[in-house]
1. If you scan region B:103-115, which residues turn out to be surrounded by 13 or more Cβ atoms within 10 Å (Cβ to Cβ) and either more than 19 Å from residue B:27 (Cβ to Cβ) or at pLDDT 95 or above (or both)?
2. Looking at residue B:28 and the list (1) in contact (Cβ under 8 Å) with a residue 12 or more places away in the chain; (2) in contact with a strand residue (DSSP E or B) (Cβ under 9 Å, 6 or more places away or on another chain); (3) part of a loop (DSSP other than H, G, I, E, B), which single condition is not satisfied?
3. From A:17, A:86, grab the single residue that is farther than 28 Å from residue B:7 by Cβ and in contact with a strand residue (DSSP E or B) (Cβ under 9 Å, 6 or more places away or on another chain).
4. Would you pick out the residues in region A:56-75 that are surrounded by fewer than 18 Cβ atoms within 10 Å (Cβ to Cβ) and either within 14 Å of chain B (Cβ to nearest Cβ) or under 17 Å from residue A:108 (Cβ atoms) (or both)?
5. Taking only region A:77-96 into account, find how many residues are within 8 Å of another protein chain (Cβ to nearest Cβ) and either surrounded by fewer than 16 Cβ atoms within 10 Å (Cβ to Cβ) or in contact with a helix residue (DSSP H, G or I) (Cβ under 8 Å, 6 or more places away or on another chain) (or both).
6. Of the residues that sit in region A:14-38 and are more than 12 Å from residue A:90 (Cβ to Cβ) and touching a helix residue (DSSP H, G or I) at 6+ places or on another chain (Cβ under 9 Å), which one is surrounded by the most Cβ atoms within 10 Å (Cβ to Cβ)?
7. Yes or no: region A:103-111 includes at least one residue that is away from chain B (no Cβ under 12 Å), surrounded by 17 or more Cβ atoms within 10 Å (Cβ to Cβ) and assigned to a strand (DSSP E or B).
8. Kindly establish whether residue A:91 is in a strand (DSSP E or B), under 12 Å from the mean Cα position of the chain (by Cα) and farther than 22 Å from residue A:18 by Cβ.
């Protein structure tokens, strides 16, 4: 079945530091890939997405590139802010139909001033 | 911008009681889902629903759970006899038939606390 593996947290960074959260996946065919963000006490928000190989999703300074050859979708941001503190979930939806979202375990990011 | 809504935001119940969690999906969406997130853990799929029937369910979704689309706008999750381990955040999601990349839109969640 489909699965998503992402780096363990928590990750603590100083403001303006560079962020990378690693994510790899296992799926047949060409899944769609997503990053969701969950701010404290809130629900899930879609941060960015990529639907085919070599696509780059981007939003709010965050980027992730769909790498079929390494089955990865790492999340990056050049300069994090305190307001980016949240839990980040890598996720996929399998190819061929309206299937369930498979989530990774989540990575908690804390940005300190 | 259209959004998925869920009520209540927080539900507290006694073990063994029935609860119904309500969701209003985005109006032109045809696929509906429930997920849950036990505190501190990952989000887990429960069930998907299309054309008035369940299209897929996980092993978590046992006979204690049921879903219904009672009136063409609401989508409900019923837990017949709640257990302590049902305490979690429950998320509803919907997606459109025309969505080319299977994007699901999530509601804000209902936090269920079973005492």
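1. Quick first cut of region B:103-115, residues surrounded by 13 or more Cβ atoms within 10 Å (Cβ to Cβ) only: B:103-114.
Listed by number, the residues that qualify are B:109, B:110, B:111, B:112, B:113, B:114.
2. Evaluating residue B:28 over (1) in contact (Cβ under 8 Å) with a residue 12 or more places away in the chain; (2) in contact with a strand residue (DSSP E or B) (Cβ under 9 Å, 6 or more places away or on another chain); (3) part of a loop (DSSP other than H, G, I, E, B) leaves (2) as the failure.
3. Details: A:86 fails: farther than 28 Å from residue B:7 by Cβ.
Result: A:17 is the single residue among A:17, A:86 that is farther than 28 Å from residue B:7 by Cβ and in contact with a strand residue (DSSP E or B) (Cβ under 9 Å, 6 or more places away or on another chain).
4. Listed by number, the list holds a single entry, A:59.
5. 0
6. Filtering first and then ranking leaves A:19.
7. Residues of region A:103-111 that are away from chain B (no Cβ under 12 Å), as a first pass: A:109-111.
Filter once more, so that each one left must be surrounded by 17 or more Cβ atoms within 10 Å (Cβ to Cβ): A:109, A:111.
Okay, now just the ones that are also assigned to a strand (DSSP E or B), so A:109, A:111.
Among the residues of region A:103-111, at least one is away from chain B (no Cβ under 12 Å), surrounded by 17 or more Cβ atoms within 10 Å (Cβ to Cβ) and assigned to a strand (DSSP E or B), which makes the answer yes.
8. Values: in a strand (DSSP E or B): yes; under 12 Å from the mean Cα position of the chain (by Cα): yes; farther than 22 Å from residue A:18 by Cβ: yes.
Here the answer is yes, as residue A:91 does meet what is asked.
The values are calculated or read from the model by the stated rules, or taken from the named source; none is laboratory data. All of these numbers come straight from a predicted model, not from anything done at the bench. For neighbour counting, all protein chains shown are included, and Cβ atoms are generated from backbone atoms with ideal geometry for every residue, glycine included.
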